[in-house]
Amino acid sequence: MSKLTRRKLIAGALSASAAAVGSVFLGRRYGLAPPDSGGIFGVGKTLTYAAHRVLLAHQPLALEFSRSEISKNFPAINTILPEDDFYRSQMAAGFRDWTLPVDGLVARPSEFSLAELKRFPSRTQITEHICEQGWTAITEWAGVPLSYVLNAVGIRPEAKYVVFYAVDDWWDSLDMADAWHPQTLLAYGMNGQDLPVPHGAPVRLRVERQLGYKNLKYLSQITVTDSVKDIGKGQGAIGAENGYSWYAGI
Ligand SMILES: Nc1nc2c(c(=O)[nH]1)N[C@H]1C(S)=C(S)[C@@H](COP(=O)(O)O)O[C@H]1N2
Ligand SMILES: [Mo]
């Protein structure tokens, strides 16, 4: 390799990394940086997230399938029955006493029973779940679009994230684009039946434009916020604290 080429290469690499660092800066400035944009992988994460948010600004739908394409087997992954005593008593009672609090930056903090969630207009969608561990399954989900619940509680203009908590101490968050997306559901039905316990009963999140691990099961609380900095380690999700990307867009 001639000196000139090597010099050009080095200059190129330097300006590429300057551009990358600049992109994180710009991303943060324009609200296009994910909560886990720090560290060496932050540049790639910011580029991916910012590109998706610009390219998907018109909220395209994830592909939906026909009934005949529904998978015979849908693995129930990472499912230890939640140990929580309170959850177990709710389960024993058929989730009659279960409620989902929705609070934070909302005009009307509320608690919804399962029956109340089922009284909202529902949406049914047959979609493909893609797990980062390398399997997929096509399933029919039924639930209330999260947007209806957000409208019912009244989202304040400062809202930037919707944070979800689960009985097994998992937690995660979505930006408002995915929270308002028409296929983002609080799902209580799977293949025409009540959502089974191994799949996250009574209500789980379906977020069809992200990978499997974002689809939080066993929901226990929803909080609307303008920042996730003070939740856990400030990465926006328990997955992000363990090395998975907060934004898992597909
Ligand atoms: N609360 C909670 N939600 C969770 C998980 C979990 O362990 N706990 N696992 C995630 C992962 S990695 C996947 S692939 C899907 C699996 O959903 P399933 O059990 O219905 O197949 O749930 C996601 N949501
Ligand atoms: Mo997964």
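The values are calculated or read from the model by the stated rules, or taken from the named source; none is laboratory data. As the structure is a computational prediction, the values presented were derived from the model and not from experiment. All Cβ positions, even for glycine, are placed from backbone atoms using ideal geometry, and neighbour counts span all protein chains on display.
Quick notes
- Hey, Val144 touching a strand residue (DSSP E or B) at 6+ places or on another chain (Cβ under 9 Å), within 25 Å of Arg96 (Cβ to Cβ) and at pLDDT below 95 or not: no
- Verdict on Gly134 being out of contact with any His (no Cβ under 6 Å at 6 or more places or on another chain) and surrounded by fewer than 16 Cβ atoms within 10 Å (Cβ to Cβ): yes
- Pairing residues of segment 215-241 that are farther than 22 Å from Ala76 by Cα with residues that are within 16 Å of ligand 2 (Cβ to nearest atom) and among the β-branched types (Val, Ile, Thr), at Cβ distances under 6 Å and at least 6 apart in sequence or on separate chains, gives no pairs at all.
- Any chance Val43 is in contact (Cβ under 8 Å) with a residue 40 or more places away in the chain, crowded, with 16+ Cβ neighbours inside 10 Å, of a type outside the set (S, T, N, Q) and more than 16 Å from ligand 2 (Cβ to nearest atom): no
- Of the strands (runs of 3 or more DSSP E) lying entirely inside segment 127-217, the ones with 2 or more residues being within 12 Å of ligand 1 (Cβ to nearest atom) and farther than 20 Å from Tyr247 by Cβ are found at 135-145, 185-190.
- Annotation: of all residues in segment 73-106 being at pLDDT below 95 and closer than 21 Å to Glu208 by Cβ, the one that is surrounded by the most Cβ atoms within 10 Å (Cβ to Cβ) is Phe74.
- On the stretch given as segment 133-150, residues that are closer than 25 Å to Tyr30 by Cα and not hydrophobic (A, V, I, L, M, F, W, C) total 1.
- Residues of segment 38-90 that are within 16 Å of ligand 1 (Cβ to nearest atom), farther than 26 Å from Val228 by Cβ and not in a loop (DSSP other than H, G, I, E, B): Arg88, Gln90.
Yes/no matrix, rows are residues, columns are (1) over 11 Å from the mean Cα position of the chain (by Cα); (2) within 21 Å of Ile155 (Cα to Cα); (3) of a type in the set (Val, Ile, Thr):
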residue	(1), (2), (3)
Val207	no, yes, yes
Ser227	yes, yes, no
Lys233	yes, no, no
Ala240	yes, no, no
Trp246	no, no, no
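- Residues of segment 191-226 satisfying the condition of being closer than 19 Å to Trp135 by Cβ and more than 16 Å from ligand 2 (Cβ to nearest atom): Asn191, Pro196
- Residues that are more than 16 Å from ligand 2 (Cβ to nearest atom) and free of Cβ contacts under 8 Å to residues at least 60 places away in the same chain were ranked within segment 154-174; the one that is nearest to the chain's Cα centre (by Cα) is Leu174.
- Any pair with Cβ under 9 angstrom, 6 or more apart, that starts in segment 134-152 at a residue that is within 16 Å of ligand 2 (Cβ to nearest atom) and ends at one that is of a type in the set (D, E, K, R) and in a helix (DSSP H, G or I): Ile138/Glu69
- For segment 227-250, a residue qualifies if it is of a type in the set (S, T, N, Q) and either within 16 Å of ligand 2 (Cβ to nearest atom) or within 21 Å of Val144 (Cα to Cα) (or both), and the qualifying residues are Asn242, Ser245.
- The set of residues in segment 91-108 that are outside any strand (DSSP E or B), in contact (Cβ under 8 Å) with a residue 60 or more places away in the chain and of a type in the set (A, V, I, L, M) comprises Met91, Leu105.
- Residue count for segment 111-121 satisfying the condition of being buried (at least 16 other Cβ atoms within 10 Å of the Cβ) and free of Cβ contacts under 8 Å to residues at least 40 places away in the same chain: 2.
- Residue match in segment 49-64 (condition: among the polar types (S, T, N, Q) and modelled with pLDDT under 95): yes
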